[in-house]
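**Student:** I'd like to ask you about the structure that follows.
The values are calculated or read from the model by the stated rules, or taken from the named source; none is laboratory data. Since the structure is predicted, the reported quantities are computational estimates derived from the model, not experimental observations. Every residue, glycine among them, receives a Cβ derived from its backbone with ideal geometry; neighbour counts consider all protein chains shown. Quick note on the areas: whole protein, heavy atoms, side chains included, nothing else; ligands and nucleic acids left out. Shrake-Rupley method; radii C 1.70, N 1.55, O 1.52, S 1.80 Å.
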Amino acid sequence: MAYRFSVLPYGNALPLVYFLGETSPGAEISYYLPRHSAGTLIDGQVDAALVPVVDFFAHPALRMVPGLGIGADGDVTSVLLRCHRPLRTVATVGLDPESKTSNVLAQIIGREHFRLSCRVRYMADAAATDANVCIGDRALCARPSLETYDLAGEWKKMTGLPFVFAVWAVHQSCSHMEDISRILQTAKHRGCRSRRQLAALCSRRLGLAEDRCYDYLANRLYYDLGPRQLEGMNLFRDLAADFLTPAGNREIREVAGHAERQDTITLERS
């Protein structure tokens, strides 16, 4: 059977998705920004999707494919709070338009770890803010800011636990979970064995040193979700509750925008 997969358009997903087409011949692979991936499952456009954890929590109809996702156990270097003035003086934070999960994480870190003033405002327009959340390939390529904080690293300092950014998920009505899980596990195993090859691809695509890309894929990111990762997910869900209410989530919803299918990033072969 040819399955349909929704994947994320960032280098961090490559070990999970690069070999999907070979593992599942005939598979349809579509790229969506993080804020739209859960909707592709809910609407029945795909059979499995890489879903940010905040959206996974928000949709009880989704089921996690056991043990598969994108996480970090310390500094990840691609989910950043970039400060344009000293952190202690930050009064406004611009949210990233692509990732509700990272925006919520930034707010939790700001309140629980940095102890930022309650007068801090989280804004959809990042152009004139004191700091901004920056994720994915843009974060990897960003110029240095006055102060930069790795949000996954700060989460580890605060909780002692890994952070999970996204999970493979299916709709609860899916009748092919076992087959899809086998395909995704096989693609992940092959991808993790080929991280040097994928680092070369990232290097060409992003204009970064190959060794840096390899360190990112091999040492900064984890794709197997075990008990500690699930513990971190559960704690994040509890802490995120305050920011996912209609009032607390207002600024985040303002940056949602319209659906954007990403067809420009392809699984090019070396």
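**Student:** Taking the options Asp73, Asp55, name whichever one is closer than 24 Å to Leu151 by Cβ, acidic (Asp, Glu) and open to solvent by 30 Å² or more (accessible area, probe 1.4 Å).
**Tutor:** On the way: Asp55 fails: open to solvent by 30 Å² or more (accessible area, probe 1.4 Å).
After ruling out the rest, the residue left standing is Asp73.
**Student:** Something else about it: Answer yes if at least one residue in region 86-103 is touching a helix residue (DSSP H, G or I) at 6+ places or on another chain (Cβ under 8 Å), assigned to a loop (DSSP other than H, G, I, E, B) and more than 23 Å from Leu140 (Cα to Cα), and no otherwise.
**Tutor:** No, the conditions are met nowhere in region 86-103.
**Student:** How many residues are open to solvent by 10 Å² or more (accessible area, probe 1.4 Å) and in a loop (DSSP other than H, G, I, E, B) if we restrict to region 158-203? Step through it out loud before you land on a result.
**Tutor:** Residues of region 158-203 that are open to solvent by 10 Å² or more (accessible area, probe 1.4 Å), as a first pass: 158-161, 165, 171-179, 181-182, 185-186, 189-190, 192-197, 200, 203.
Filter again for in a loop (DSSP other than H, G, I, E, B), leaving 160-161, 172-176, 194.
Total meeting the criteria: 8.
**Student:** Then there's this: Just checking, does region 59-77 include any residue being in a strand (DSSP E or B), out of contact with any Ser or Thr (no Cβ under 7 Å at 6 or more places or on another chain), of a type in the set (Gly, Ala, Ser) and within 17 Å of Arg35 (Cα to Cα)? Give the derivation first.
**Tutor:** Restricting attention to region 59-77, the residues satisfying the condition of being in a strand (DSSP E or B) are 62-72.
If we keep only those that are out of contact with any Ser or Thr (no Cβ under 7 Å at 6 or more places or on another chain) as well, we get 62-64, 67-72.
From what's left, of a type in the set (Gly, Ala, Ser): 67, 69, 71-72.
Add one more test, that the residue is within 17 Å of Arg35 (Cα to Cα), and what stays is 69.
Yes, that holds for at least one residue.
**Student:** When region 104-141 is examined, which residues are found to be farther than 15 Å from Asp242 by Cβ and part of a helix (DSSP H, G or I)? Don't jump to the end; show me each part of the working.
**Tutor:** Looking only at region 104-141, we keep the residues that are farther than 15 Å from Asp242 by Cβ, and these are 114-115, 117, 119, 121, 123-141.
Correct list: Gly136, Asp137, Arg138, Ala139, Leu140.
**Student:** Is one or more of the residues making up region 131-148 within 22 Å of Ala38 (Cβ to Cβ), open to solvent by 60 Å² or more (accessible area, probe 1.4 Å) and of a type outside the set (Gly, Ala, Ser)?
**Tutor:** Yes, region 131-148 contains at least one residue that is within 22 Å of Ala38 (Cβ to Cβ), open to solvent by 60 Å² or more (accessible area, probe 1.4 Å) and of a type outside the set (Gly, Ala, Ser).
**Student:** Suppose we keep only residues that are assigned to a helix (DSSP H, G or I) and either hydrophobic (A, V, I, L, M, F, W, C) or modelled with pLDDT of 95 or more (or both) within region 28-55. Which one would you say is nearest to the chain's Cα centre (by Cα)?
**Tutor:** If we filter region 28-55 for residues that are assigned to a helix (DSSP H, G or I), which is where we start, we get 34-42, 53-55.
Then keep just the ones that are either hydrophobic (A, V, I, L, M, F, W, C) or modelled with pLDDT of 95 or more (or both); that gives 38, 41-42, 53-54.
Working: Ala38: 12, Leu41: 17, Ile42: 19, Val53: 8, Val54: 10 Å.
For region 28-55, the residue satisfying everything is Val53.
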